[in-house]
Every structure is written in structure tokens, then in C-alpha cells.
1. Please pick out the residue among GLN61, GLN112, GLN107 that is touching a Ser or Thr at 6+ places or on another chain (Cβ under 7 Å) and at pLDDT below 95.
2. Between a residue in segment 267-288 that is under 14 Å from TYR316 (Cα atoms) and any residue that is buried (at least 24 other Cβ atoms within 10 Å of the Cβ) and acidic (Asp, Glu), which pairs come within a Cβ distance under 7 Å, given they are 6 or more apart or on different chains?
3. Do you know which of the residues in segment 45-58 that are assigned to a loop (DSSP other than H, G, I, E, B) and modelled with pLDDT under 90 is nearest to ILE248 (Cα to Cα)?
4. Go through the residues of segment 228-241 one by one and say whether even a single one is under 26 Å from VAL267 (Cβ atoms), open to solvent by less than 10 Å² (accessible area, probe 1.4 Å) and modelled with pLDDT of 90 or more.
5. Inspect all residues belonging to segment 215-227 and state whether any of them is open to solvent by less than 10 Å² (accessible area, probe 1.4 Å) and small (Gly, Ala, Ser).
6. What are the pairs with Cβ atoms under 8 angstrom where one residue, in segment 99-114, is assigned to a helix (DSSP H, G or I) and the other, located anywhere, is among the basic types (Lys, Arg) and modelled with pLDDT under 95? Sequence gap at least six, or different chains.
7. Considering segment 69-110 alone, what residues qualify as being within 20 Å of TYR173 (Cα to Cα) and of a type in the set (Ser, Thr, Tyr)?
8. Which of the helices (runs of 4 or more DSSP H) found entirely inside segment 265-361 contain at least 2 residues meeting this: open to solvent by 50 Å² or more (accessible area, probe 1.4 Å) and at negative phi?
Amino acid sequence: MNSMNSQENNVVLSIIIPVYNTPAELLSDCVASIKKSHLAFPYEIVMVDDGSTADIEGIVQSIAYGPELRFYRTENGGVSKARNVGIAKAVGQWLTFVDPDDLVRFQSNIAQCLSECQDDIIFFPYARIFDHDHIVKEYSMHDFVSESDLSPTRLVESLLRVSQDVVTIDGFYLGTPWGKIFRTRFLRDNNILFDVLLRKRQDALFCAQCYQAMASYRLIESDEAHYFYRIDHEGSITKKYNKQLVIIYRYLFEQMATLGQRLEPAVDSSALQLYCYDLTKELINLDFCNVNNPHSYAKRKKDFLAYREDPFFKGYYIKTPLKNVHVWKKILYILIRKKQFWLLNGIYLLRKTLDLIKRKK
């Protein structure tokens with residue numbers, strides 16, 4: 001279904017959408033939101049199906065067929081692989097990433113911005129939405145920082161401080177590939193791709209590498225959201241167990257620590273300490289205390305202590321300033337530092353029990 005015409009070389013913006021068994025309704029809403037945007041210039045939608053079992057191409061043909069759509073199908077390899085295919089296939093001067101369950105609403109100023117911009121990355125405002133389009137909160141980059149405040153080091157530090165509830169720059173947003181437009185040549189010249197070895201938090205490493213390599217950036221002057229991130233509202237802490245996650249997270253932290261130390265100036269050590277605690281907290285949820293983990297309590301405790309006492313991490317598990325960290329996270333971080341696995345296990349078991357009771361009501 002590769003139907004780009006002879007105007008291919010004039011494409012200004014490539015919109016990359018990785019897809020894996022996305023429900024037809026969500027995918028239809030996503031593509032429709034792009035088509036309704038104020039894109040008064042040639043653009044393409046590069047949709048990459050990551051080996052879905054569903055007939056994604058048939059769904060796309062029924063809801064979104066058009067000359068701007070380019071559809072590719074790959075064997076299942078994860079979202080990183082799918083996005084990398086999108087980067088390789090993109091013909092636009094610029095590219096942006098859209099998740100298939102989110103919405104886009106570019107404003108009319110986007111055309112002038114892309115035509116004038118000489119920067120590597122453009123940041124634009126976003127909103128968090130619940131269900132179809134109920135806006136929970138809108139975020140403008142000007143709510144976080146002025147342009148003069150940004151630097152590669154500060155951007156990476158803020159990304160690493162994602163566990164802080166109040167930061168000058170939104171750490172969550174800085175670790176997502178959406179909400180930004182990248183100069184295609186910038187990514188290719190610097191060989192920046194998504195790491196296919198990572199199946200979790202690969203977005204954060206990709207963004208950190210972009211911030212390290214960028215020469216300049218721009219903030220879109222708008223208080224209206226251009227991207228609408230759909231909040232996952234399943235409400236359950238039960239997650240699929242992945243026995244490789246410990247290895248993946250260790251690798252991720254190694255990459256982040258190395259990158260942070262290469263920056264000039266290097267990132268503040270407290271940012272890496274917070275990131276280490278945050279990754280460990282997530283591992284407790286997804287591995288060590290996950291109710292889907294088939295191992296005994298003794299084996300799970302042994303695995304936790306082995307990770308916690310890994311010489312590579314030991315220097316980061318110190319008494320870290322927890323300013324602007326929610327009290328719940330503070331408690332977990334302290335228990336992690338003190339290696340109180342029995343309490344951590346009890347807390348997550350209690351949370352699971354309360355969640356099941358809540359669902360039965």
C-alpha cells in the first residue's frame with residue numbers, strides 16, 4: 001500500500017506510527033486527528049505494523065487510505081524496531097512520532113515554524129486525555145522553562161528526575177519521543193535510533209541521546225496542545241512478568257550513566273541516584289514482587305538483594321535528597337536503600353489485594 005506520488009521529495013513532515021494489534025477505533029481516531037490538523041504542506045503517514053496478528057493493513061485501508069499513507073509490515077520485534085523502520089523509510093525533511101492510541105492536533109503555526117526553523121529538535125505542547133478526548137491537563141513548555149534555561153545537561157537531568165512530582169521541566173515528557181519534531185538529517189547524521197535491546201524505557205534513552213547530540217532546539221509558541229497523550233487507566237498494578245527485565249534495566253542504567261557522564265558539564269549525581277531508585281521501584285513492581293512471578297519468596301528476595309548489591313549500582317543507593325518526591329515513593333526508596341524486602345513484598349501484596357477488592361465492587 002505504498003502510494004506516495006512523484007511529490008515524494010517535497011514531503012516536509014513524516015509522521016511515524018508504530019502499530020501492534022491496535023484496536024480499529026483507536027487507530028481510526030488517531031489517523032483522523034492527523035488528517036484534520038492544519039498541515040498546509042506535503043506530509044506522509046509512515047505506519048509500521050510490528051507483526052500484528054490482526055489484519056492491520058485491512059483496517060487501515062478501510063479507515064485511512066490515501067496518497068499520504070505509506071504502510072510497512074515487519075516481523076514482530078518490538079516498538080523500537082518498528083520506529084527504526086519508520087526512520088529509515090521516512091522521506092520528510094522532518095519527522096515526528098505518534099503512538100497509535102493518541103491524538104494529534106497541529107495548529108496553523110506549524111507550517112511557518114518548519115519552514116523557518118534551522119534547529120535540530122522542535123518541542124511542542126501536549127495534553128493528557130482520559131477516554132476519548134476528556135482533557136485532564138494541558139502542558140506548555142513555557143510552563144516548565146524558558147528557552148534560555150535549556151541545555152543538553154539540564155534536559156537529561158530533568159529526564160532522569162522523572163520520579164519527582166514537581167520539576168522545573170517535565171521529566172516524563174522529556175523521556176517520550178512524541179511531542180517533538182526531529183530534523184530527519186539530524187537523526188541520520190548522528191546515527192540515533194531506538195535501542196532494540198530495550199523493551200522498556202527505550203524512549204528515554206533515545207531522547208537522552210538526541211539531547212546530547214543536538215546543536216540547537218526551538219519551543220513552539222503556543223498555549224494550545226498539539227499532542228494528546230491517552231492516559232492508561234486500567235488501574236491495576238498487575239503486570240506481565242518478564243524474567244529478562246533485570247538485565248534490560250541494568251543495561252539501560254549503564255547507558256544512561258555513561259551518557260550523563262559524557263556531557264559537559266556532566267549530569268548531577270543526584271539525578272542518576274533518583275533514576276536508579278526509580279528503576280528499582282519499577283523492577284519491584286514488574287519482577288521481584290510481581291504476583292505473576294512464579295518463583296518462591298526466598299528466590300525473589302535473593303534476586304532483589306543480588307540486584308540491590310550489584311557493585312555497579314552500589315554507589316547510587318545512598319541517602320539521596322528526595323525533594324518534590326511523593327511521600328509514597330519516598331517510603332519505597334527508603335525501604336529499597338535499607339534492603340527491607342519483606343516490607344516491600346507486603347506492600348505490593350496489599351496493593352494487589354486492595355485492587356482486586358476495588359474491582360469486585
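The values are calculated or read from the model by the stated rules, or taken from the named source; none is laboratory data. For clarity, every value in this text was computed on a predicted model and none was experimentally measured. As a convention, Cβ positions derive from the backbone with ideal geometry for all residues, glycine included, and neighbour counts pool all protein chains shown. What goes into the accessible areas is simple: the full protein's heavy atoms, side chains included, and nothing from ligands, DNA or RNA. Shrake-Rupley method; radii C 1.70, N 1.55, O 1.52, S 1.80 Å.
1. Numbers: GLN61 fails: touching a Ser or Thr at 6+ places or on another chain (Cβ under 7 Å); GLN112 fails: touching a Ser or Thr at 6+ places or on another chain (Cβ under 7 Å).
Being touching a Ser or Thr at 6+ places or on another chain (Cβ under 7 Å) and at pLDDT below 95 holds for just one of GLN61, GLN112, GLN107, which is GLN107.
2. Going by the 7 Å Cβ cut-off, the qualifying pairs are VAL267/GLU157; ASP268/GLU157; ALA271/GLU157.
3. Restricting attention to segment 45-58, the residues satisfying the condition of being assigned to a loop (DSSP other than H, G, I, E, B) are 51-55.
After this cut, where a residue has to be modelled with pLDDT under 90 as well, the list is 53-55.
Details: THR53: 26, ALA54: 28, ASP55: 31 Å.
Ranking the qualifying residues of segment 45-58, first place goes to THR53.
4. Step one: of segment 228-241, the residues under 26 Å from VAL267 (Cβ atoms) are 229.
Within this subset, residues satisfying the condition of being open to solvent by less than 10 Å² (accessible area, probe 1.4 Å) are none.
No, segment 228-241 contains no residue that is under 26 Å from VAL267 (Cβ atoms), open to solvent by less than 10 Å² (accessible area, probe 1.4 Å) and modelled with pLDDT of 90 or more.
5. yes
6. Close Cβ pairs (under 8 Å, with a partner that is among the basic types (Lys, Arg) and modelled with pLDDT under 95) amount to CYS113/ARG218.
7. So the first thing to find is which residues in segment 69-110 are within 20 Å of TYR173 (Cα to Cα), and the list is 79-80, 83, 94-107, 110.
Within segment 69-110, SER80, THR96 qualify.
8. On the way: elements: 269-283, 297-308, 311-314, 327-337, 341-360.
By residue number, 297-308, 311-314, 327-337, 341-360.
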